[in-house]
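Below is one structure, written out as structure tokens, with a few remarks after it.
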Amino acid sequence: MPAADPETTRVGWIGTGVMGLSMCGHVLDAGYPVTVHNRTRERAEPLLERGASWGDTPAAVAAASDAVFTIVGYPADVRTVILGQDGALSGAAAGSVLVDMTTSEPSLAVEISAAAAAKGVASVDAPVSGGDVGARNATLSIMVGGDEEAVERVRPLFETMGKTIVHQGGPGAGQHTKMVNQILIATGMIGVCEALLYAYKAGLDLATVLESVGPGAAGSWSLANYAPRMLKGDFEPGFVVEHFVKDMGIALAEARRMNLSLPGLALAEQLYVALTAQGKGRKGTQSLILALASLSNVDWPTPA
């Protein structure tokens, strides 16, 4: 497969959730023929209405595609949709490329790469950062692992979805880089939530506080994008809590394997587990403020 081109490259897409729906939409907008599959077909209907074709299984998607992208929930889902009996690899032709954009285990990315290579198929791990906003606006940061030639073949497709596309190294390097990203976000979100709670208890106007602290040294992506949602009581997911808990679990397991102590990450993971226990697992990561508010018996304001 040469470098992807709408005239010659057929694209497969597996996973049309919060992120995947928008990302696949950009590929369609760029003129690529796309075959999609999702566990629940209803979630793929917006893409089918825009001209995408349906594949009954991941294998069927791969059989109709030169490059297959997956973005699903958990490592177990990745294993099923790529390496399973009706997985994408079973239907992939020699010379095609499998690209997993799920945040998953680095070791699984290495395993997939080896299994794919045995069939003459290239494999790339390319998790993303930027949340639902980045997915909608095609401004994602894409962290890429895999053989350089394979990465360059699918780079034009990455460019339809993101603004920052960096090849980090061999198989699994993209996933390791995403763990770095999630570690940064995890403890940063604690800081955002604690700061807003402090401002609230001090009787400050929270929107006015953000005007002061947002542009300064304390500014961050999470502060700019999630704090306004917290102030509105908007806890719908740009990225769901359950998936973030999964990501932190992967990072902690990798850290343990490397004999590395990451106490800040461990604390964040436990706070998010508490949030899940409070029934907020399907809410957005910004809902962490509710778990922290409950520790101090604070009723965080919500819209009337």
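The values are calculated or read from the model by the stated rules, or taken from the named source; none is laboratory data. These numbers were taken from a predicted model, which means no experiment stands behind them. Ideal geometry is used to build each Cβ from the backbone, glycine not excepted, and the neighbour counts take in all protein chains shown.
Below is a table of values for the structure above.
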| read-out | value |
| --- | --- |
| Residue 222 being surrounded by 16 or more Cβ atoms within 10 Å (Cβ to Cβ), within 25 Å of residue 76 (Cβ to Cβ) and outside the structural domain of residue 75 (by TED's automatic domain parsing) | no |
| Single match in 77, 29 (criterion: over 17 Å from the mean Cα position of the chain (by Cα) and at pLDDT 95 or above) | 29 |
| Residue, nearest to residue 66 (Cα to Cα), within region 107-163, restricted to residues that are over 15 Å from the mean Cα position of the chain (by Cα) and among the polar types (S, T, N, Q) | 123 |
| Filter result for residue 294 (assigned to a helix (DSSP H, G or I) and out of contact with any strand residue (DSSP E or B) (no Cβ under 8 Å at 6 or more places or on another chain)) | yes |
| Residue in region 175-192 that is hydrophobic (A, V, I, L, M, F, W, C) and touching a His at 6+ places or on another chain (Cβ under 6 Å) present | no |
| So residue 90, is it on the phi < 0 side of the Ramachandran plot, in a loop (DSSP other than H, G, I, E, B) and out of contact with any Leu (no Cβ under 7 Å at 6 or more places or on another chain) | no |
| Region 11-57, residues that are of a type in the set (S, T, N, Q), out of contact with any Cys (no Cβ under 7 Å at 6 or more places or on another chain), within 20 Å of residue 282 (Cα to Cα) and crowded, with 18+ Cβ neighbours inside 10 Å | 22, 38 |
| Condition check for residue 244: in contact (Cβ under 8 Å) with a residue 12 or more places away in the chain and either in a helix (DSSP H, G or I) or at positive phi (or both) | yes |
| Residue 100 being of a type in the set (D, E, K, R), farther than 12 Å from residue 13 by Cα, in contact with a Leu (Cβ under 9 Å, 6 or more places away or on another chain) and crowded, with 24+ Cβ neighbours inside 10 Å | no |
| Selection within region 232-241 - surrounded by fewer than 18 Cβ atoms within 10 Å (Cβ to Cβ) and in contact with a helix residue (DSSP H, G or I) (Cβ under 9 Å, 6 or more places away or on another chain) | 234, 236 |
| Elements of type helices (runs of 4 or more DSSP H) in region 109-203, at least 3 residues being under 19 Å from residue 13 (Cβ atoms) | 131-137, 148-161 |
| Contacts under 6 angstrom Cβ, first residue in region 19-37 being of a type in the set (Ser, Thr, Tyr), partner buried (at least 20 other Cβ atoms within 10 Å of the Cβ) and in a helix (DSSP H, G or I), 6 or more apart | 22/135; 35/61 |
| Residue under evaluation residue 72, criteria (1) part of a loop (DSSP other than H, G, I, E, B); (2) among the hydrophobic types (A, V, I, L, M, F, W, C); (3) surrounded by 18 or more Cβ atoms within 10 Å (Cβ to Cβ); (4) touching a residue at least 60 places away in the same chain (Cβ under 8 Å), criterion not met | (4) |
